[in-house]
Amino acid sequence: MSNPIEGLLTKEQTDLIFNNMSDGVIMVNEEGIITYMNSASAAIFHIDAEDAIQKPFNDIFLQNKKNRAFNKLFRSSMEKGQLTEKTMVKYTSSEAKESSFVTVDISLMQQENTAIRRKEPFQGMIVLVEDVTDTQLLQQHDHDCAYIFAGLILCISIYLAAWSLCRFTLHVPLKTQDYTMMIEVITFVLFLEIAFCTSFSLKEIGLIPNISRWRTNLKETITTGVIVCLVILLAKLVLSLAGIRIKGYFIGGSLHGAYIYIFTAFIQEFLARGVIQKSVKSLLHVKYQKQLSIFLTSLLFSLMHLPFGFYFMVGAFLLSCALGVIFERQRDIWGCAVLHWGCGYLAMCLFF
């Protein structure tokens, strides 16, 4: 395929212009061979331009079956002579294993109109490509956070409304496990929302362990847990020696309660860290982003413990603040869940 602007500019001038463009330019001749590719297109598709030139377009770009929309777009143009409007599609590079969003504008050579011309042989094409990954990810991020916050507000509103209805209107006495079950139902609903309505991965919401620093996380979790438990025991001992009776006995609880609380701690950490803190942090673009996300998450977390009384809410707030810091360091919820279970259950046995 000849240079479409040959005679107006020299080849060096053409290369200089195309290589300084932010958009990608690819030229394909009537045999489907790539005759030109500028540096921008090579960067967008994560390939080496020198390796791609003089190679079949199909072999370079249309071999990854994951790129269904991308492949269909070009096959329609090359095999059927069908023109399409400027289209945004997702492209996954086979080499870099990275996905990007690109807008593709295909111009067929010697094509006078936009009708489908099946009988005419392919005459070549010029492809203009623009990387819109950042814009698309920002839109997807706003979409995800909007869904999560809408679901979170709805679930918390229903939770508090149900508690108020049972407590003040119907006068139905609910046990601790009843409120815990309500929180677990909320968490399950939010998990389904994240799985089917957002683009968040399991790693992003903290469910996949951070293998790269598991030793550091384990040491940090054990050390923090021992220190906090000692502080809780010391506080109860000091209060007892001072004559301040919080419970009729020094420590309560049971093995059955400890087993049940393992599941409860994990569910609540997923809700507090994986859902609330992750979403709040993603939305905030301020100086103290992490600190504010931890504070707001802890307020919401304590609000969900409203039926248990003010002191329990204060304890939940302080525990959530500490676990929020751990989550930011470890990047998964597993260490937080272990600390929540050990320290939280010990505190309930001693003080509540």
>> Can you tell me which residue is nearest to TRP334 (Cα to Cα) among those in region 185-211 that are surrounded by fewer than 16 Cβ atoms within 10 Å (Cβ to Cβ) and of a type in the set (Val, Ile, Thr)?
In response: ILE208
>> If I filter region 162-183 down to residues being aromatic (Phe, Trp, Tyr) and touching a residue at least 12 places away in the same chain (Cβ under 8 Å), which single residue comes out as least open to solvent (accessible area, probe 1.4 Å)?
In response: TYR179
> Among all residue pairs at least 6 apart or on different chains, which show Cβ distances below 8 Å where the first residue, located in region 43-57, is of a type in the set (Lys, Arg) and the second is open to solvent by less than 70 Å² (accessible area, probe 1.4 Å) and at pLDDT 90 or above?
Replying inline: LYS55/ILE33; LYS55/ILE34
>> Every residue in region 214-233 that is open to solvent by 80 Å² or more (accessible area, probe 1.4 Å) and in contact with a Lys or Arg (Cβ under 8 Å, 6 or more places away or on another chain), please.
In response: none
> So which residues in region 234-258 are closer than 23 Å to THR176 by Cα, part of a helix (DSSP H, G or I) and open to solvent by 70 Å² or more (accessible area, probe 1.4 Å), if there are any at all?
Replying inline: LEU255, HIS256
> If you take just the helices (runs of 4 or more DSSP H) that sit entirely in region 269-352, which of them hold at least 1 residues that are free of Cβ contacts under 8 Å to residues at least 60 places away in the same chain?
Replying inline: 278-283, 289-303, 310-330
>> Give all pairs with beta carbons closer than 6 Å in which a residue from region 127-146 that is farther than 15 Å from ALA43 by Cβ meets a residue that is assigned to a helix (DSSP H, G or I) and open to solvent by 60 Å² or more (accessible area, probe 1.4 Å); count only pairs at least 6 apart in sequence or on separate chains.
In response: CYS145/LEU283
> Quick one: would you say LEU346 is among the aliphatic types (A, V, I, L, M) and crowded, with 22+ Cβ neighbours inside 10 Å?
Replying inline: no
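The values are calculated or read from the model by the stated rules, or taken from the named source; none is laboratory data. Just so it is clear, the structure is predicted and the values come from calculations on it, not from any experiment. A quick note on method: Cβ atoms are made from the backbone with ideal geometry, for glycine too, and the neighbour counts reach across all protein chains shown. Note: areas computed on protein heavy atoms with side chains; ligands, DNA, RNA excluded. Shrake-Rupley method; radii C 1.70, N 1.55, O 1.52, S 1.80 Å.
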